[in-house]
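Only the coordinates and a few stated rules stand behind these numbers; no lab work does. Predicted model, so just to flag it, every value in this text is computed and none were measured. When we count neighbours, we look across all protein chains shown, and the Cβ atoms used for this are built from the backbone with ideal geometry, even at glycine.
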Amino acid sequence: IKRYKALNKPIVLDPVGCSASALRYDTSLELLESEGISALRGNAAELGSLVGISCESKGLDSKHSATPIEIVKRAAQKYSVIAVMTGKIDYVSDGKKVLSITGGSEYLAAITGAGCLHAAACASFLSLKKDPLDSMTQLCTFYKQAAFSAQKKALENNGSNGSFLFYFLDALSLPIELENSLIKEEL
């Protein structure tokens, strides 16, 4: 982390399973506290656990009133990172602003590695832009548009999540004009 930080290279932390494992949680905290992380990306359960809000994969526990907007903003503030919460709606925050990105495909949740691929794409997009909030917002928009395009092609060819994966990988390799209508600034 120190070397990457010295070279001004982006580091993205994807705290996979940190809400379900003490070791993963502790390791994620240790990495975040090293102050070299550029972006933190995960689902609601992962980001929620890192900011002390208990979440389940199907939504927030009923005993908590925190919204996804509050969770992603709190994560960005607490760790001084760009926080990205992925799901049916993606949320991106720099600790001040929160943007939501809609669209995509339900097939993303049905394929293995969609989150890991998203984390790798986060690092790529961060390395290209000067404004990290804008970079992550563009990435989430691109990812959702690629997923939507892939789902459309899979369904046109009577496919399912297996063929979706191939079309999705193809879509990620092609230039897409970003639809800013998918992005909304949250209050």
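General remarks:
- Listed by first and then second residue, the pairs linking a residue in region 1-17 that is on the phi > 0 side of the Ramachandran plot and surrounded by fewer than 20 Cβ atoms within 10 Å (Cβ to Cβ) to a residue that is assigned to a helix (DSSP H, G or I) and of a type in the set (D, E, K, R), with Cβ atoms under 9 Å apart and 6 or more places separating them unless they lie on different chains, are Gly17/Arg24; Gly17/Glu46.
- Residue that is surrounded by the most Cβ atoms within 10 Å (Cβ to Cβ) [pool: residues in region 122-155 that are out of contact with any Leu (no Cβ under 6 Å at 6 or more places or on another chain) and among the small types (Gly, Ala, Ser)]: Ala150
- Selection from region 142-187 of residues that are under 24 Å from Thr67 (Cβ atoms) and among the charged types (D, E, K, R): Lys144, Lys184, Glu185, Glu186
- Residue within region 90-100 that is buried (at least 19 other Cβ atoms within 10 Å of the Cβ), within 18 Å of Glu46 (Cβ to Cβ), out of contact with any Asp or Glu (no Cβ under 8 Å at 6 or more places or on another chain) and hydroxyl-bearing (Ser, Thr, Tyr) present: yes
- If you filter region 156-187 down to residues that are in contact with a Phe, Trp or Tyr (Cβ under 9 Å, 6 or more places away or on another chain) and within 20 Å of Gly87 (Cβ to Cβ), you find that the one that is surrounded by the fewest Cβ atoms within 10 Å (Cβ to Cβ) is Leu178.
- Filter pass, Val81 being in contact (Cβ under 8 Å) with a residue 24 or more places away in the chain and under 15 Å from Leu139 (Cα atoms): no
- Qualifying residue in region 78-92 (condition: of a type outside the set (A, V, I, L, M, F, W, C), over 20 Å from Ser49 (Cβ atoms) and more than 12 Å from the chain's Cα centre (by Cα)): no
- Failed condition for Ala109, given (1) surrounded by fewer than 16 Cβ atoms within 10 Å (Cβ to Cβ); (2) over 14 Å from Ile89 (Cβ atoms): (2)
- Qualifying residue in region 168-179 (condition: more than 15 Å from Ser38 (Cβ to Cβ), acidic (Asp, Glu) and touching a residue at least 40 places away in the same chain (Cβ under 8 Å)): yes
- Taking the conditions (1) assigned to a loop (DSSP other than H, G, I, E, B); (2) within 12 Å of the chain's Cα centre (by Cα) in turn, Gly17 satisfies each one other than (2).
- Within region 41-51, one or more residues are assigned to a loop (DSSP other than H, G, I, E, B), farther than 24 Å from Phe168 by Cα and more than 12 Å from the chain's Cα centre (by Cα).
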